[in-house]
Amino acid sequence: SLQGFDHYMLKEIYEQPEALRNAMRGRLDEENATAVFGGLNLTPQQLRSVERIILTGCGTSWHSALVGEYLIEELARIPVSVEYASELRYRNPPIENNTLVFGITQSGETADTLAALRETKRKGHRTLAICNVVGSSIAQAADGGVYLHAGPEIGVASTKAYTSQCCILTMLALYFGRLRHLSYEGGQRIIQELYGIPGAVQEALNCNERVKEVANKYQDATNVLYLGRQYNFPTALEGALKLKEISYIHAEGYPAAEMKHGPIALVDTKTPSVFIVPQGSTYDKVMANMEEVKARGGPIIAVATKEDPMVDAVADDVIRIPDVPSILQPIVSVVPLQLLSYHFALLRGCDVDKPRNLAKSVTVE
Ligand code: F6R
């Protein structure tokens, strides 16, 4: 039931703090400063010998794979490739021994993800699923896996499954990191930071009224750019996808600096750019990109950390999120973008929970 919410999408956006707690429950081992997973079906020796990881999925799940790439490479120093499942299944790339393949999927029924996993398994590689729906086809086809425990996701737009996927991938990166180079103190610190994430998402949800105002102001836009870097580059892609699918407004997500190589030609006074610009390593660089858009007359909506006068001075509208470490920013920074697409869609009279031409699970290729 909707439990007082107008739409499942909104309800599921608000369920994220709880979904994240459920994703973490029983999986953080403070004593050993690592994560624990019951269903990987691989020995520590087998996991220790993994030399490459492939993350595959479709749509929003592919975006969480991009977050996973950054996380696993940084924390575990294992090379990661991210593949669209629809491409991987027919591309026949060379895959080295000791490669672990993760299929990431909310529904566990996406035809291309299932086929990509089956094909890599057939070739003798270990396959695991990161999946929400228990007992689904992909969960069954894989050699093992990790469930999100996010609860049913009914809205067609994936919201709580995405942030839960990012959370699971953070814990997997912690786990693989602790099998390798990540120190005890490093692992401890990440665990403590993870404990703070449901609360940070709760706080990010407080931006709802502000986001509503922003959607109101820009509701006639026909094009929107989403720009972010590093851990917030996938957030830009995900924000753009959410806007397209729910409100039918054309949007593009880019790594902010790529904008200069073409998309900046789209910037005009009617094309807002959403900059994801929390404090962190590339903050100054993203600010520079923001100035470039401003100089060309493009309206700027910034998703920024609390108390950031530099952003206030440049952006037309600022949406505030709590400050969290870079590796955890994807989970928090996507929240206002989910809400933004929701409010745009409402203002434009779109059917939020059942957008046109889309199905909750894509069981045909
Ligand atoms: C976007 C969305 C889709 C799905 C994609 C994969 O909001 O819902 O892009 O993410 O169809 O679905 P799953 O994760 O079920 O494999």
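All conditions but one from (1) out of contact with any Asp or Glu (no Cβ under 7 Å at 6 or more places or on another chain); (2) under 21 Å from I331 (Cα atoms) apply to D284; the one that does not is (2). Annotation: of all residues in segment 137-172 being near the ligand (Cβ under 8 Å from one of its atoms) and aliphatic (A, V, I, L, M), the one that is nearest to D112 (Cα to Cα) is I138. Considered as a group, the residues in segment 92-134 that are within 14 Å of the ligand (Cβ to nearest atom) and small (G, A, S) include one that is nearest to I54 (Cα to Cα), and that residue is G103.
To keep it simple, each residue is scored yes or no on (1) free of Cβ contacts under 8 Å to residues at least 24 places away in the same chain; (2) closer than 25 Å to S81 by Cβ.
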residue: G4; (1), (2): yes, no
residue: T34; (1), (2): no, yes
residue: Q45; (1), (2): yes, yes
residue: S49; (1), (2): no, yes
residue: R52; (1), (2): no, yes
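Residues considered: V311, V324, V334. Of these, the only one that is touching a strand residue (DSSP E or B) at 6+ places or on another chain (Cβ under 7 Å) and either at pLDDT 95 or above or under 28 Å from P198 (Cβ atoms) (or both) is V311. Scanning segment 227-244 finds no residues that are among the hydroxyl-bearing types (S, T, Y) and over 14 Å from the mean Cα position of the chain (by Cα). Where residues in segment 212-246 are touching a His at 6+ places or on another chain (Cβ under 6 Å) and over 18 Å from N289 (Cα atoms), which of them is nearest to the ligand (Cβ to nearest atom)? Filtering first and then ranking leaves E238. The numbered conditions (1) in contact with an Asp or Glu (Cβ under 9 Å, 6 or more places away or on another chain); (2) within 23 Å of Q338 (Cα to Cα) are all true for G297 except (2). Of everything in segment 55-87 that is assigned to a strand (DSSP E or B) and away from the ligand (no atom under 16 Å from the Cβ), the residue that is farthest from Y175 (Cα to Cα) is S81.
The set of residues in segment 235-272 that are out of contact with any strand residue (DSSP E or B) (no Cβ under 8 Å at 6 or more places or on another chain), in a loop (DSSP other than H, G, I, E, B) and either among the β-branched types (V, I, T) or crowded, with 24+ Cβ neighbours inside 10 Å (or both) contains only T269.
Scanning segment 86-111 for residues that are farther than 23 Å from L42 by Cα and either surrounded by 17 or more Cβ atoms within 10 Å (Cβ to Cβ) or of a type in the set (A, V, I, L, M, F, W, C) (or both) yields S86, L88, R89, S107, E109, T110, A111.
The values are calculated or read from the model by the stated rules, or taken from the named source; none is laboratory data. What you see is a predicted model, and the numbers here were worked out from it, not measured in a lab. A quick note on method: Cβ atoms are made from the backbone with ideal geometry, for glycine too, and the neighbour counts reach across all protein chains shown.
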